[in-house]
Each structure stands twice: as structure tokens, then as C-alpha cells.
1. Apply the a/c threshold of 1.5 to the C-alpha gyration tensor of segment 93-147 and tell me whether it is rounded, prolate or oblate.
2. Fully extended, how many nm does the chain gain between Lys92 and Asn125 (0.36 nm per residue separation, minus their Cα-Cα distance)?
3. Under a point spin-label approximation (7 Å from Cα along Cα-to-Cβ), what is the Ala138-Lys292 distance to one decimal in nm?
4. Can you tell which of Phe56, Phe128, Phe280 shows the greatest fluctuation in a Gaussian network model of the chain with Cα springs below 10 Å?
5. Filter Lys84/Lys266; Lys52/Lys193; Lys238/Lys261; Lys28/Lys238; Lys62/Lys261; Lys4/Lys153 down to the pairs with a C-alpha to C-alpha distance above 23 Å, please.
6. Report the label-to-label distance for Ser283 and Glu149 in nanometres (one decimal), using points 7 Å from each Cα along the Cα→Cβ vector.
7. Would you please give the residues with an amide H less than 5 Å from that of Lys193, counting only those at least 5 places away or on a separate chain, with H modeled from the backbone geometry?
8. Within the chain, what whole-number % of the accessible surface is contributed by carbon and sulfur, with the 1.4 Å probe and all protein chains included in the calculation?
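The values are calculated or read from the model by the stated rules, or taken from the named source; none is laboratory data. The model shown is predicted, which means the values in this text are computed figures rather than measured ones. Cβ placement follows ideal geometry from the backbone for every residue including glycine, while neighbour counts extend to all protein chains displayed. For the accessible areas, the whole protein counts, side chains as well, though only heavy atoms, and no ligand, DNA or RNA atoms are used. Shrake-Rupley method; radii C 1.70, N 1.55, O 1.52, S 1.80 Å.
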Amino acid sequence: MQKKVTKAIFPVAGLGTRFLPATKSVPKEIMTLVDRPLVQYAIDEARAAGIKEFIFVTSRGKSALEDYFDCSPVLEEELRRRGKTDMLELLKQTDMESGAIAYIRQHKALGLGHAVWCARRLITNEPFAVILPDDVIAADVACLQQMVETYKKTGGNMVAVMEVPPEEISSYGVLDVQEDMGSIVSVKGMVEKPAKEDAPSNLAIIGRYILSTSIMCNLNKMNRGTGGEIQLTDAIAKDINDGSGVYGYRFRGQRFDCGSKAGFLKATVAFALARDDLKFELSKFLEEEIIKINHAAQ
Ligand code: UTP
């Protein structure tokens, strides 16, 4: 019987350079898909998976993120005065139970592995999840919830994976597969951002993990890896060498890379088209724009 996964780390201390100049003053995770910030999608997914404690690894300039999960008495009072009960209801999504959310600073952006390590004192002897809010996953059953269900059977360490085309593989951590069992694959190695010709498979790790405390111990001893950063992938790969189980999980759902401009725009369109109040106006606009592009190309 595995211990329950009740804590999640949200590393949000990156510089977000691909969205400059916006991210000079707006944290990437506060940027909105339609009308909800990326971080709201991440929190909803964590809640659906049974997470009770939310640990954010932040950095300078991320105070908008802390304010987002704080109560806002003036705004709430004004909405109440105007009888805007529907909007008050919307704000409830941002309510966090007192003490359920913690913020830790990563003083230097030394990499994802380092960001996770910064939260080590809040993780005791229990498995924990890691969610990267810039990977947004649209799914009938929340991706982390699918993973938690599967983890109950496998234990060990689990990473969410998806198949990516060869020309994109060098942007990801990649699995060296031992046995492919369908939705689960067992792993005999991992490589961070390999060249296309060196990639051991087309299975790329995306931003959802369930990890054991041994990963924190591995991170204690980790040197800088690819890109001069302390890589989470290297710390997980070390667990494979030490004989612990590491599994890739092929999740059911559509993942949007909201850390890139194209991915962010695709997610915006997909989430807007899924909404009754927006889909007709937006789809009409998109059709007209595509006709214009096709005309211009002729
Ligand atoms: P990215 O690789 O997307 O980096 O990090 P970034 O800084 O956010 O964005 P770009 O590449 O400069 O545009 C993946 C996740 O890891 C976190 C980021 O905040 C993001 O959620 N991260 C990365 C940290 O928390 N600390 C780091 O040192 C690096």
C-alpha cells in the first residue's frame, strides 16, 4: 500500500524569458487563458488529485501570484454591495484554506531540480507531486488524478510522458524505455534534452511528476547538468541506477505548452472554443481570418 500523495510543489521561479517584455512585471503563471490564470488550472488539477498542501517555489517579482490566492475584502464587499453573486462565486476558486499554501523563495534560477530542492524542508517521508503550471492539460479526468490512481499500483517515481516528433525531442527530458506496457512504461534511463539522433525514444517528459523523498536526497548531491542547470531529470535518473522503480505514464488528455507563445495561443483558442459564451463569435472570426490568409496566399 503506497502512502497518499497530499503535497504538491509548484516551481514558478523561472525567468519566463520567452514572454518578455510581459514577464518583466507579470509572472508567467498569472497570464490568463481566457479569464483564468495558468496557476488556477494547476491548482484545480491538484485539488482533483487529492492534494491538500500546495508549495510554491517563487522568486522576486512573483507577488501577484501570492495576492491571487489571498482574500480581497474590498473587492468582495463591493461585489456584494452591487449584488454580483455570480462574480463572488467565481472568486471562490481562488480561496485557499488557511495554512494550505506555502511560498518558498528560490534565490537564483539554477534550474527545475534546484527549485524542487528548495522545498525539501516541507517534504517529510512521503511521496509528493510536482506540477509545472505552464504545462496545461485539458482532460476529462485531471492528469495528476490519473497518475495518482496509477501510482497506487506502481509506487516508485512517476513522470507524465507524451510522444513527440523527432524535430521537437531535443526540448525535453526523454525516456529510455525498459518495458512498454501501454499506459505505463518502465524506465531504464533518462536523458535531458538529447540531440535528435541520440534520443533513446520519442517519449518526452512533461510537467507532472510523482516523486519519492529519495529524489530530494539525490538533489542534495546534484551537480549542474545540461544548460548549466540542476536538472530534475538527472535526480530521477539516479534513482533508476539505485534500483528504484521509475515509470512513465501516458496520460489521457491534450497538453498545451503554455511556456511557448504558440502553445499559449493554441491553449487560448482551445479553451475559448470550449466555452458556450465565446465559441460562436470566435469560430466565426477564425474562419474569416483563415479565408483571408488563403486568399492572400493565392
Ligand atoms: P522553463 O524551462 O519553462 O523556464 O521552466 P522559464 O524560466 O519558466 O521560461 P523561459 O524558458 O525563460 O521562457 C519550467 C518550469 O520550471 C520553473 C519555471 O518557473 C517553470 O514553471 N523553474 C525553472 C524554476 O522554478 N526555477 C528555475 O530555476 C527554472
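1. Details: a/c = 1.62, a/b = 1.36, b/c = 1.19.
Here segment 93-147 falls in the prolate category.
2. Numbers: separation 33, 0.36 × 33 = 11.88 nm, distance 3.21 nm.
Once the chain is fully extended between Lys92 and Asn125, it gains 8.7 nm.
3. Here the answer is 2.3 nm between the modelled labels.
4. Fluctuation is largest for Phe280.
5. On the way: Lys84/Lys266 32 Å; Lys52/Lys193 33 Å; Lys238/Lys261 33 Å; Lys28/Lys238 31 Å; Lys62/Lys261 20 Å; Lys4/Lys153 12 Å.
Too far apart for the 23 Å limit: Lys84/Lys266; Lys52/Lys193; Lys238/Lys261; Lys28/Lys238.
6. My value for the distance between the label points is 2.9 nm.
7. HN-HN under 5 Å from Lys193: Tyr172, Gly173, Val174.
8. On the way: 8250 of 15730 Å².
It is 52 percent, rounded to a whole number.
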